[in-house]
Amino acid sequence: MNARSDIKEIKNAIRAVGLRATPARVATLRLLRQATSPMTHGEVAAELDENGVDKATAFRNLNDMADAGLLRRAELGDHLYRFEELRDGEGEHDLHPHFLCVDCGSVTCLEEVKLTVGSRKASEQVGEVSEILLRGRCNNCQ
Ligand SMILES: [Zn+2]
Ligand SMILES: [Zn+2]
């Protein structure tokens, strides 16, 4: 087990944003840390069901942790909110892009893809970028 999924470390991360580290919140953040892509509320609730966390609690905890700045909520054009933990050094407006497969609906984090400084400046002329989304067919669907 790596340090990021260590229970003590997870509790510290939750307390660091001013929330109580309840067992349900710890289970939620642990799940998101183990996931390789952002998860919808439904996916989180289905997984936590086994831990005895009901749907409403799962939903409330996801939103509480997003409001506290621990998680980010992303809507990637398919009307589903997905949740993931903010990475180290990522601010709310300095986020990694996502790839959405138009066939299977899978979402992949693109940690290494960044807007260049010039592109960022150009986009600021238009408005504030809240999400960078690439759409296409994933390797499984081609
Ligand atoms: Zn696909
Ligand atoms: Zn991501």
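Laboratory data are not the source of any read-out in this text; all were calculated from the coordinates shown. Bear in mind the structure is a predicted one, so any value in this text is a computation, not a measurement.
Data for the structure
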| read-out | value |
| --- | --- |
| Extent along principal axes [Cα atoms of the chain; Å; largest to smallest] | 45, 34, 29 |
| Stretchable slack from Val126 to Ala35, in nm (0.36 nm times residue separation minus alpha-carbon distance) | 29.4 nm |
| GNM result for the chain, Cα springs below 10 Å: residue of Leu115, Leu95, Leu32 fluctuating most strongly | Leu115 |
| Rh by Kirkwood over Cα pairs, then Stokes-Einstein D for region 91-142 at 1.567 mPa s and 4 °C, µm²/s | 106 µm²/s |
| Residue among Asp103, Asp54, Asp88 with the largest mean-square fluctuation in a Gaussian network model of the chain, springs linking Cα atoms under 10 Å | Asp88 |
